[in-house]
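Working notes for the structure below.
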Amino acid sequence: MHEDRRFPPPSGLAAEANVTAAAYADAASDRIAFWEEQARRLDWGRPWTNALEWEPPFARWFEGGLLNVAVNAVDRHVDAGHGDQVAIHWEGEPGDTRTITYAQLKDEVCKAANALVELGVRAGDRVMIYLPMIPEAVFAMLACARLGAPHSVVFGGFSAEALRNRIEDARARVLITADGGFRRGRPNALKPAADEAAEGTGIERVLVVRRTGETVPFTEGRDVWWHDLVDRQSAAHTPDYFDAEQPLFILYTSGTTAKPKGILHTSGGYLTQAAYTHHAVFDLKPDTDVYWCAADIGWVTGHTYIVYGPLANRATQVMYEGTPDTPHRGRFWEIIQKYGVTLLYTAPTVIRTFMKWGEDVPAKYDLSSLRLLGSVGEPINPEAWIWYRDTIGGGRTPVVDTWWQTETGAIMISPLPGVTAAKPGSAQVALPGIAADVVDGDGVPVPDGGGGYLVLTEPWPSMLRGIWGDPERYADTYWSRFAGQGFYFAGDGAKKDGDGDLWLLGRVDDVMNVSGHRISTTEVESALVSNPQVAEAAVVGATDPTTGQGIVAFVILRGGAADKGPELAAELRDHVAREIGPIAKPRQILVVPELPKTRSGKIMRRLLRDVAENRSLGDVTTLQDSSVMDLISAKLPTSK
Ligand code: WTA
């Protein structure tokens, strides 16, 4: 936590920065007026009458205002004469490419919107999207936005079972998917999983993009090819204007229980903060920058910083389908060189992987176009921060470490690249207009140098509006911990250093962060116990040098099930991949005779984490039976 290195903004960037230190003062003098000012960056069909209606924990921003999110992301740029500007440089994993201008994007979005209307989609209907990283994913999301039909994108790496649960929770009637996508050099089928998920649910129509060209099952009457339905539509579509609080999307994320939460975001406030933060934190100059957010649209980072923020700001951006090591480990740097990328946004786990691969890989490419680097998803350790800045940024570029969540909708804590003297490893300060603090267990702010829980102390425009269909869970999950103070509890531990800068320390609840992806321990546990061989399971996130955390599972087998060693571990890992998705596969599975429990029967994950991280055990006195830990430790060397 002690870090003396400081990196002031490059003077050229500071002199031309989109946002200067004055923004903090503006926002501090009148926070609501500051956000109204930012909302005016958008085109409104009718202005709002009330900037914020706050009935804790329910907020309504820009009430009375009408807008169309897709018009703000696309049409208005075309109308302003930027139709020929490239919106998306798309790079397929096998090396095929597509260049999409704003004028073409407008046509594609309008055609897709007309197609969805033909499938019966109306404002308010939920549309599921289960697609690889192809341009149709962006078209589909914007087409839904254009119609006021909230989308729910499910990451293509999630299993059929995970997709089915989300379809049912959202009660969606239309699903947009693809035959598959390319991943690690091979076609990776999606359609069979989409079929399995849709079976027996309320899905009536399935719109299928042809990407890989592989033969896939096709249900006549229900399924329709994108190229058959969308391509024949008119490129003219007259948009309706919707209330600022019209639902824009539901994005499922892991909580502390086995059932993922459908995080609900709405339109006006979300787009305001998405656009403002993208403008402020990435300093985007739409005429000259080439921006690349290397996330997947299945996560909130892809929603806010591939689709809504950058497009609202008229960015030219790169979108990449595949993995960083296909067909070779220089793929990212090759793409940056090819398109002259100036702004790059990625995750610490990716940066640490590049560090492992060695400096000679990026050294083969010209990365001199880069002028700013961003990090998101988990704490970035100072070594990785410095490596990113020096090796990728040539020692010139600011690095912005951005803290936020699916729930916050947009960046909340981050340096400003033209203002803040950056400190490796710290996300530093709340953005202008955002109020964050670190409090102790009683909700009292800790002094500089102290640690505790990260809270957000005032409502913000892109805050979640609730958990889909479950207002009680919303109030309980985020607002009950510090109900007395009315603070939003983020679930993260944090510290304030001697300068008052914020350091994020990871989750304090039962949520793991694996390669920047949120996975709940209970979700993996319930997947494990759904296997007939498993009686009980306890899952912990153990520190991992590359992925941040790795999933370690302790399982008790059912009577009669044999510990088949590595074969059993492989079976259970595959089982979890089928239930949730490959990202939730445990790194390690240990078969144990007992689990450590308190007298009240609660599993003591803290002790299991000690075991998983090869530490000497902490306090075992609250255990029901302390000899359990000896039994578990005895299992360790052989059962990897
Ligand atoms: C973690 C991703 C430290 C944090 C945008 C948070 C971070 C969770 C950072 C949200 C960061 C995200 N430094 N930790 N810069 N960014 N996190 O919903 O634990 O997938 O609560 O949103 O990721 O993950 P989510």
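Structure notes:
- Here the condition is being away from the ligand (no atom under 16 Å from the Cβ), closer than 21 Å to residue 157 by Cα and buried (at least 24 other Cβ atoms within 10 Å of the Cβ); of 570, 537, 527, it holds for 527 alone.
To keep it simple, each residue is scored yes or no on (1) touching a helix residue (DSSP H, G or I) at 6+ places or on another chain (Cβ under 7 Å); (2) surrounded by 22 or more Cβ atoms within 10 Å (Cβ to Cβ); (3) closer than 30 Å to residue 62 by Cα; (4) not charged (D, E, K, R).
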{"site": "438", "(1), (2), (3), (4)": "no, yes, yes, yes"}
{"site": "444", "(1), (2), (3), (4)": "no, no, no, yes"}
{"site": "458", "(1), (2), (3), (4)": "yes, no, yes, no"}
{"site": "467", "(1), (2), (3), (4)": "yes, yes, yes, yes"}
{"site": "475", "(1), (2), (3), (4)": "no, no, yes, yes"}
{"site": "483", "(1), (2), (3), (4)": "no, no, yes, yes"}
{"site": "522", "(1), (2), (3), (4)": "no, no, no, yes"}
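- Checked against the criteria, residue 625 does not count as of a type in the set (Asp, Glu), surrounded by 14 or more Cβ atoms within 10 Å (Cβ to Cβ) and either at positive phi or not assigned by the TED database to the domain that holds residue 259 (or both).
- Residues that are at pLDDT below 95 and within 18 Å of residue 259 (Cα to Cα), drawn from segment 541-576: none
- Hey, residue 407 over 13 Å from residue 5 (Cβ atoms), in contact with a helix residue (DSSP H, G or I) (Cβ under 6 Å, 6 or more places away or on another chain) and either in a loop (DSSP other than H, G, I, E, B) or not basic (Lys, Arg) (or both) or not: no
- Criterion: assigned to a helix (DSSP H, G or I), surrounded by fewer than 19 Cβ atoms within 10 Å (Cβ to Cβ) and in the same structural domain as residue 265 (by the TED database) - qualifying residue of 25, 70: 25
- When the criteria are applied in full, residue 93 meets the requirement of being part of a loop (DSSP other than H, G, I, E, B) and touching a strand residue (DSSP E or B) at 6+ places or on another chain (Cβ under 8 Å).
- Residue within segment 4-22 that is among the basic types (Lys, Arg) and either under 30 Å from residue 473 (Cα atoms) or within 27 Å of the chain's Cα centre (by Cα) (or both) present: no
- Among (1) within 15 Å of the ligand (Cβ to nearest atom); (2) modelled with pLDDT of 95 or more; (3) buried (at least 22 other Cβ atoms within 10 Å of the Cβ), the one test that residue 380 misses: (2)
- Count of segment 13-31 residues, restricted to those that are among the hydroxyl-bearing types (Ser, Thr, Tyr) and touching a residue at least 24 places away in the same chain (Cβ under 8 Å), is 2.
- Selection status of residue 148, surrounded by fewer than 23 Cβ atoms within 10 Å (Cβ to Cβ) and in contact (Cβ under 8 Å) with a residue 60 or more places away in the chain: no
- Qualifying residue in segment 353-367 (condition: away from the ligand (no atom under 13 Å from the Cβ), under 20 Å from residue 418 (Cα atoms) and crowded, with 18+ Cβ neighbours inside 10 Å): no
- Any chance residue 296 is more than 16 Å from the ligand (Cβ to nearest atom) and either farther than 30 Å from residue 333 by Cα or not aliphatic (A, V, I, L, M) (or both): no
- In this structure, residue 603 does not satisfy being assigned by the TED database to the domain that holds residue 553, buried (at least 17 other Cβ atoms within 10 Å of the Cβ), closer than 25 Å to residue 515 by Cβ and in contact with an Asp or Glu (Cβ under 7 Å, 6 or more places away or on another chain).
- Residue in segment 543-550 that is in a strand (DSSP E or B), within 14 Å of the ligand (Cβ to nearest atom) and of a type in the set (D, E, K, R) present: no
- Residue satisfying all of: in segment 584-608; of a type in the set (D, E, K, R) and within 24 Å of residue 567 (Cα to Cα); farthest from the chain's Cα centre (by Cα) among these: 594
- Cβ-Cβ under 6 Å pairs, at least 6 apart or on other chains, segment 385-403 side within 15 Å of the ligand (Cβ to nearest atom), far side of a type in the set (Ser, Thr, Tyr): 399/388; 400/414; 401/375; 402/414
- The strands (runs of 3 or more DSSP E) falling completely within segment 172-286 that include 1 or more residues that are in contact with a Gly (Cβ under 8 Å, 6 or more places away or on another chain), in the same structural domain as residue 79 (by the TED database) and under 29 Å from residue 341 (Cα atoms) map to 180-183, 186-189, 247-253.
- Pairs with Cβ under 7 Å, 6+ apart, first in segment 616-640 and basic (Lys, Arg), second modelled with pLDDT of 75 or more and assigned to a loop (DSSP other than H, G, I, E, B): 635/592
- Options 438, 419; residue that is more than 26 Å from residue 262 (Cβ to Cβ) and either more than 16 Å from the ligand (Cβ to nearest atom) or not in a strand (DSSP E or B) (or both): 419
- Of all residues making up segment 313-358, the number that are assigned to a helix (DSSP H, G or I), closer than 17 Å to residue 295 by Cβ and hydrophobic (A, V, I, L, M, F, W, C): 6
- Matching entry among 478, 453, 488, 474 (being under 22 Å from the mean Cα position of the chain (by Cα), away from the ligand (no atom under 13 Å from the Cβ) and not small (Gly, Ala, Ser)): 474
- For segment 383-396, a residue qualifies if it is assigned to a loop (DSSP other than H, G, I, E, B) and either among the small types (Gly, Ala, Ser) or buried (at least 24 other Cβ atoms within 10 Å of the Cβ) (or both), and the qualifying residues are 393, 394, 395.
- Some residue of segment 526-537 being free of Cβ contacts under 8 Å to residues at least 12 places away in the same chain and in contact with a strand residue (DSSP E or B) (Cβ under 9 Å, 6 or more places away or on another chain): yes
The values are calculated or read from the model by the stated rules, or taken from the named source; none is laboratory data. All of these numbers come straight from a predicted model, not from anything done at the bench. Quick reminder, even Gly has a Cβ in these numbers, built from the backbone with ideal geometry, and neighbours come from all protein chains shown.
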